[in-house]
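Take a look at the structure set out below.
The values are calculated or read from the model by the stated rules, or taken from the named source; none is laboratory data. These figures come from a predicted structure and were not determined experimentally. Ideal geometry is used to build each Cβ from the backbone, glycine not excepted, and the neighbour counts take in all protein chains shown. These accessible areas exclude ligands, DNA and RNA; they are computed on the full protein's heavy atoms, side chains included. Shrake-Rupley method; radii C 1.70, N 1.55, O 1.52, S 1.80 Å.
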Amino acid sequence: MWEYTDKVLDHFRNPRNVGALPNPDGVGEVGSMACGDALKLMFKLDKQGRIADVKFQTFGCASAIASSSALTEIVKGMTLEEAERVTNQDIANFLGGLPEQKMHCSVMGREALEVAIANYRTGKTSKKILEGKVVCHCFGVTEEEIERVVRDNRLTTVEQVANYCKAGGGCGKCRGDIEAIIARVKTEQPAAAMPAAPAPRLTTLQKIKLIEETIEKEIRPALKKDGGDIELLDVVDNRVLVALRGMCAHCQVARFTLKDVVEARLREFVAPDLVVEEVAS
């Protein structure tokens with residue numbers, strides 16, 4: 001029995017955004033029923049180019065269902081450029097972690113999203129087409145895919161690669177090729193760069209002004225689309241105290257909004273050590 005977090009079990013038992021979208025803007029299909037996992041992801045954009053709705057259909061284990069459900073929650077409200085930056089590790093982190101042997105489920109979600117975005121932009125096939133040299137013939141995994149999971153997740157063994165993309169988990173004939181790929185990626189790691197000069201420290205007034213500007217330009221418009229709003233109450237050292245207003249004040253995913261929208265954007269545009277807290281006003 002795998003040890004699943006409560007959040008994985010919740011998204012498995014109560015998956016969000018299951019089903020099909022009529023006339024989707026982008027569709028991505030990955031996996032194979034023969035290999036045990038398959039995922040179809042669909043999204044529609046609003047007039048601002050943000051993902052307004054997203055649905056999925058999947059065949060697989062609890063981790064596959066939970067990872068797909070988590071992915072749809074993560075990308076809602078994002079632009080395609082923002083969604084492209086979502087990694088399989090982001091999906092696992094959102095769920096509080098996945099058993100290493102099930103990490104391939106989060107990789108499958110990331111791949112389906114990439115195919116769906118490519119389908120929207122190019123109009124080309126919505127199904128993943130194998131390109132490049134196939135290394136693992138048991139599961140149809142290419143050299144490019146293996147390199148990517150090794151590089152993105154800093155993998156060092158064939159067993160880890162099998163957990164993330166199934167390559168090497170069949171007959172074992174490709175183990176030598178996978179070991180060679182791991183060794184090559186390791187040697188390609190860039191040399192440590194000279195440490196960058198520390199950014200000038202913001203004064204309290206500068207920090208507050210930049211926080212207010214970021215809320216006004218980057219955060220409030222996204223919240224207002226769904227009838228919500230946000231009010232800045234105070235800034236104490238690296239703590240940003242806010243109150244959610246409108247529909248956001250009673251939303252079941254308010255915690256997600258605070259951390260993955262408000263806090264994430266303040267850390268990106270103001271300072272990486274900011275912590276957002278909701279307080280009663």
Give the lysines reachable from K186 as a straight Cα distance under 21 Å; neighbours fewer than 8 places away on the same chain don't count. K133, K166
Estimated vicinal HN-Hα couplings, Hz - segment 81-98 in sequence order (Karplus 6.51, -1.76, 1.60; Gly, Pro = x): 5, 5, 5, 4, 8, 6, 10, 5, 5, 4, 5, 4, 5, 4, 8, x, x, 10
If I fit a long axis through the Cα atoms of helix 175-188 and take the longest principal axis of the Cα atoms of the chain, what angle between them do I get, 0 to 90°, rounded to 10? 40
Long-range HN-HN contacts of D37 with modeled amide H, under 5 Å: S32
Of G19, A92, I215, which is farthest along the charge dipole of the chain in the positive direction, counting Lys and Arg as +1 and Asp and Glu as -1 at C-beta? G19
If I model segment 39-136 as equal point scatterers sitting on the Cα atoms and use the Debye formula, what is log10 I(q)/I(0) at q = 0.19 Å⁻¹? -0.91
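Rounded to the nearest 500, what is the chain's calculated 222 nm mean residue ellipticity when only DSSP H runs of at least 4 contribute -39500 (n - 2.57) each, over all residues? Please report the intermediate quantities before stating the final value.
Values: 12 runs with 113 residues, N = 281.
Value at 222 nm, helices only, nearest 500: -11500 deg cm²/dmol.
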Straight-distance crosslink candidates among aspartates and glutamates, where the alpha carbon sits under 16 Å from K55 and sequence neighbours closer than 8 are dropped: D25, E29, D46, E73, E111, E114
Order the following by accessible area, largest value first: R220, R175, R110. Probe radius 1.4 Å; ligands, DNA and RNA are ignored. R175, R220, R110
How far, in degrees from 0 to 90, does helix 103-122 lean away from the longest principal axis of the Cα atoms of the chain, to the nearest 10? 80
Once amide H atoms are placed 1.01 Å from N in the peptide plane, what residues at a sequence separation of 5 or more from R245, or on another chain, have their amide H within under 5 Å of its amide H? D229, I230, E231
Please list 3J(HN,Hα) in residue order for segment 201-211, calculated via the Karplus relation 6.51 cos²θ - 1.76 cosθ + 1.60 where θ = phi - 60°; whole Hz, with x for glycine and proline. 6, 6, 6, 4, 5, 4, 4, 4, 5, 5, 4
Quick one: putting +1 on the C-beta of Lys and Arg, -1 on the C-beta of Asp and Glu, what dipole do you get for segment 20-87 around its Cα centre, in Debye to the nearest 20? 140
Rough spin-label spacing in nm, given labels placed 7 Å along Cα→Cβ, for R175 and M247: 5.5
As I understand it, the value is the acute angle between the Cα axis of helix 62-75 and the longest principal axis of the Cα atoms of the chain; what does it come to in degrees, rounded to 10? 40
Rounded to one decimal in nm, the spacing of the 7 Å Cα→Cβ label points at F59 and R255 is 3.5
With label points built 7 Å along Cα→Cβ from the Cα atoms of N238 and E212, find their separation and express it in nm. 2.4
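How big is the Kirkwood radius of the chain, worked out from every pair of different alpha carbons and given in Å to one decimal? Walk me through the numbers on the way to the answer.
Numbers: mean 1/r = 0.0484 Å⁻¹.
With all distinct Cα pairs of the chain included, I get 20.7 Å.
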